[in-house]
Protein chains: 2
Amino acid sequence: MPRTPSDTARAASDRLRESDLGTDVSFLLARANALSVSAGNAALAPFGLKVRSFSVLALSAGEVRPTQRDLSEFLRLDPSQVVALVDELEKRGLVERRPDPADRRANVVVATEEGRSLHVQAAAATRAAERSLHGDLAAPDRRVLADLLARIAYPG
Amino acid sequence: MPRTPSDTARAASDRLRESDLGTDVSFLLARANALSVSAGNAALAPFGLKVRSFSVLALSAGEVRPTQRDLSEFLRLDPSQVVALVDELEKRGLVERRPDPADRRANVVVATEEGRSLHVQAAAATRAAERSLHGDLAAPDRRVLADLLARIAYPG
């Protein structure tokens, strides 16, 4: 049978997987993350969220009450990106900026009741997307993966 | 002792790590990848490369001879981004577009001798950056991590 263009693309893709780059941990991280972000954004679209705005909402819905600087450092985003994400969520009534009791020059970002409720639904959608993306990994494998990733993600 | 702003930031960061989001596999992937891309870009800067252009150069220096479409699919980049990256490398004399012997309508991207030589040096720099970022992981842990990531990165 003659090879179709998609046979050829599949063959190239299989061979690229086996290349030095295709088996490199940093590259595998980047590719796994790209698939994870695509799946996450698709799952969050019905809520008007993306992975980044969801992360800000999730951290604001917890007990830590992060400042914008905490969010910027933890999410590895520029302060200006965090300000834009908080603005967007605040306009939708999902989070509020409140004075930080520990430092009156700073604000903490806190989810509103509506934000907390949307977070619960959106978090369930991201978990479903994650299960589908990681379908091949059993729970113990996922725990090992999380532990190993945490050692890279949280150095020192 | 009074808490300095950096004590406060450290405490918030420690508490955010323990939040639901901070222990989620998708978030750990994103954060580990963000650190890995920063370290990779810093290591590649002396060669005038970034993680993305390095990936294109690395795949062009191997034996697969990918088309631009293969690169786009494998690297999860838009075709227009791949064209821009190949243009940039071609202008520097590091890669060439050559007609694909298997399909005369397509071009394959092939590293020049200069490109191959730069790739060897740049790859050594990225490996050193990776070792420093993953310093905490012993070789067997790194192999387990690579295997688990590959199951997410290469579904089906």
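A few comments on the model shown:
- Test: residue in region B:49-64 that is more than 7 Å from every other protein chain (Cβ to nearest Cβ) and modelled with pLDDT under 95: yes
- Taken over region A:78-91, the criterion of being acidic (Asp, Glu) and within 13 Å of chain B (Cβ to nearest Cβ) is satisfied by A:Asp78 alone.
- So B:Gly22, is it on the phi > 0 side of the Ramachandran plot and either in contact (Cβ under 8 Å) with a residue 24 or more places away in the chain or within 8 Å of chain A (Cβ to nearest Cβ) (or both): no
- Sole residue being out of contact with any Pro (no Cβ under 6 Å at 6 or more places or on another chain), away from chain B (no Cβ under 11 Å), surrounded by 15 or more Cβ atoms within 10 Å (Cβ to Cβ) and not small (Gly, Ala, Ser), chosen from A:Leu149, A:Leu133, A:Leu94, A:Leu75: A:Leu94
- The listed residue being touching a helix residue (DSSP H, G or I) at 6+ places or on another chain (Cβ under 8 Å), surrounded by 12 or more Cβ atoms within 10 Å (Cβ to Cβ), within 14 Å of another protein chain (Cβ to nearest Cβ) and modelled with pLDDT of 95 or more, out of A:Ala102, A:Ala106, A:Ala111: A:Ala111
The values are calculated or read from the model by the stated rules, or taken from the named source; none is laboratory data. On a predicted model such as this, the values are computed, not experimentally measured, just so you know. We place every Cβ from the backbone using ideal geometry, glycine too, and count neighbours over all the protein chains shown.
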